[in-house]
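Visitor: Structure below; questions to follow.
Each reported figure results from applying straightforward, stated rules to the coordinates on display, with no laboratory input. Since we're looking at a predicted model, the values are computed, not measured. Neighbour counts are summed over all protein chains in view; Cβ atoms, including those assigned to glycine, are modelled from backbone coordinates with ideal geometry.
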Amino acid sequence: MTLLLLLCLLGALLELDTTYAFQLTFSRGIIAGPLLGLVSGDALTGLQVGVFTELLFIDVSPLGGTLPPSAAVCCAITLALCSLQIPAYAAFFVGVVGALVFAQVELAMRRARAGWIAQQEQKIRRNPNYLRHAVVEALSLSFMGNFVFILAVCLAVGLPLAKVMPLVPEKLQLAGKFSYMAVPWIGLATLLSTFRLKTR
Amino acid sequence: MLTKAMQLNLFLRSFLIQTGWNFAKYQNLGLCFTLYPFVKKLYAQDQESIPSVLERYLENFNTQPVMASFCIGALAKQEERLAGAKTLALYQQRLSEWNSMKRSLSITTASIGDRLFWGTLKPFTLLLALCIWLVQDINFFEVTLQENVTFWQVFGGALVAFFVFNAVALFVKWQGLSLSYFAENNGCFGLTKFDWNKTIFNAKKMGIIAAVVLLLWGVYYFVNDLQASLGLGFITRAVMVLFFVSISLMTRNLRIPNMYVYLIAAVMFAVACLF
């Protein structure tokens, strides 16, 4: 359980890099996956999950109002579930669905933040030095939101799934493995077509 | 006004430009936070005007986070001109210029940044990392992964991707601040110092080379496997690869994201295997 909490905390921290702080690509699948894998004691599974996540989400960019699913959240959920002895192919499915749901939660949070921003603006007008507090508060709230979401998914889905997995028929497990192994090929086909020369 | 110390301060603060991102005013809090030390120094003799100046920075602002440095430098320069206006008419004229520049520059930089960083550099560094991992014999195409791999085998590709992406991003971010601040009036705020189209074109060309290397490795891997055994496993894998590559290309034309293809495939396989 300590490892699960640690992975949720690291995942929430890495997720901040996606939008709210730094944007130094720590939250990319190929960086976050191996990092979280190293913490969980299985860096290679972390690498595989990271590569698969990035290949799967490569065709959705944060352009305009589009909010891509978070690779950091997907990797964190997947590896946290792997730490509960759930196989990577099953954990990854939960991770992808979790990242999709997280994108919707994030959209709702961004809409709801308008009221919070208006309050902060008033405080900044009264005291410009309040800006630093507003930034720290925004980062803390985002971090807390990320952590609660990742932990909630891991507890709500991970714990029951860990108990159910040994009872899952072998045929169903084979289907899971088969679709998991299809991920890199789905992603690579998309990746190659992104380099079409359109300019100059 | 833009000393090296101030440039460093703005550069570091610009990493938080997206903090508090919201649908009402986008990056307004981050922009205000980034430019606050500059405004504070500029209006050191007239501190009462600082809240009204910050009010302008708290209005709508949205651009690509790396390219935002061009906006920050240009806004700092325009703010200096605004602070130096001697008459009300001149102040109003410069305020109008400040507003239109803020709007148009944020759109232009967002367009360049999205194409360069999200559309080209990110997939390119991913391909680079994949090539490095495959050359290092890290085969992530199998469910059962090999054991006894070194730290550098696992992190080699990731580190190269991280450093290549950030070398470009941090260079553009740092240069953007000074280029836009010191740009001539007709210099498009320093944006013309780089040939963005050529950079994107060359990066895409390098991406094609990396893609060919990856494909050649794939062919080598399959030919090796073919020599080992032309069994059911090989045929199943070849059919699976061809099937999913075709499906992916088809759904791309239909603008269906990859993640939905994977989720649908997982559910369909599960149903097919059960019944």
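Visitor: Once phi is turned into ³J(HN,Hα) by the Karplus curve 6.51 cos²θ - 1.76 cosθ + 1.60 with θ = phi - 60°, what whole-Hz value does each residue of the range A:100-110 show in order, with x for glycine and proline?
Guide: Going residue by residue, I get 5, 5, 4, 4, 5, 5, 4, 4, 5, 5, 5 Hz, with x marking Gly and Pro.
Visitor: Work out which helices of chain B, taken as complete DSSP H runs, extend at least 27 Å along their axis over the Cα atoms and score a mean Kyte-Doolittle of 0.5 or more, then list them.
Guide: Correct list, ordered by number: B:151-182, B:196-228, B:232-253.
Visitor: Can you give the FRET efficiency to the nearest 0.05 for B:Arg103 and B:Arg255, using r as the Cβ-Cβ distance and R₀ = 25 Å?
Guide: Efficiency for this residue pair is about 0.25.
Visitor: Run lengths n ≥ 4 of DSSP H only: what is the helix-derived mean residue ellipticity at 222 nm for the protein assembly as shown, with -39500 (n - 2.57) per run over all residues, to the nearest 500?
Guide: The per-residue figure over the protein assembly as shown is -24500 deg cm²/dmol.
Visitor: Roughly how far apart, in whole Å, are the Cα centres of the range A:56-126 and the range B:108-122?
Guide: The distance from the Cα centre of the range A:56-126 to that of the range B:108-122 comes to 22 Å.
Visitor: Separate question: Amide H neighbours of B:Gln64 under 5 Å, at least 5 residues apart or on other chains, H built in the peptide plane: list them.
Guide: Those qualifying (amide H under 5 Å, at least 5 residues apart or on another chain) are B:Ala110.
Visitor: Same structure, new question: Under 24 Å between C-alpha atoms is the cut-off here; go through the range B:4-106 and count lysine pairs that meet it, provided they're at least eight residues apart or on different chains.
Guide: 16
Visitor: Taking the alpha-carbon distance from B:Lys198 and a cut-off under 22 Å, which lysines remain once sequence neighbours fewer than 8 residues away in the same chain are dropped?
Guide: A:Lys198, B:Lys122, B:Lys173
Visitor: Is the shape of the range B:229-275 best called rounded, prolate or oblate, per the rule: a/c under 1.5 gives rounded, else a/b larger than b/c gives prolate, else oblate, with a ≥ b ≥ c the square roots of the Cα gyration tensor eigenvalues?
Guide: oblate
Visitor: Compute the distance in nm between two label points, each set 7 Å from the Cα along the Cα-to-Cβ direction, one at B:Phe243 and one at A:Ala108.
Guide: That separation, rounded to one decimal, is 3.7 nm.
Visitor: Next question, about the same structure. Can you run phi through the Karplus equation (6.51, -1.76, 1.60; θ = phi - 60°) for the range A:31-43 and list ³J(HN,Hα) in whole Hz, with x for Gly and Pro?
Guide: With the stated coefficients, the range A:31-43 comes to 9, 5, x, x, 4, 5, x, 4, 5, 6, x, 9, 4 Hz.
Visitor: Using the count of nearby Cβ atoms within 10 Å as a rough guide to exposure, how do B:Val245, B:Val53 rank from fewest to most?
Guide: Placing the least packed residue first, the sequence is B:Val245, B:Val53.
Visitor: Taking amide hydrogens as modeled 1.01 Å from N in the peptide plane, which residues meet the under 5 Å criterion relative to A:Ile86, leaving out close sequence neighbours?
Guide: none
Visitor: Next question, about the same structure. Which order do B:Lys25, A:Lys123 fall in if you start with the one that has the fewest other Cβ atoms within 10 Å?
Guide: A:Lys123, B:Lys25
Visitor: For B:Glu79, B:Glu142, what ranking results if the residue with the fewest other Cβ atoms within 10 Å of its Cβ goes first?
Guide: Listing B:Glu79, B:Glu142 from fewest to most nearby Cβ atoms yields B:Glu142, B:Glu79.
Visitor: With θ taken as phi - 60° and the coefficients 6.51, -1.76 and 1.60, list the Karplus ³J(HN,Hα) couplings across the range A:46-60 in order, rounded to whole Hz; mark glycine and proline as x.
Guide: x, 5, 4, 4, x, 5, 4, 4, 5, 5, 6, 9, 5, 8, 10
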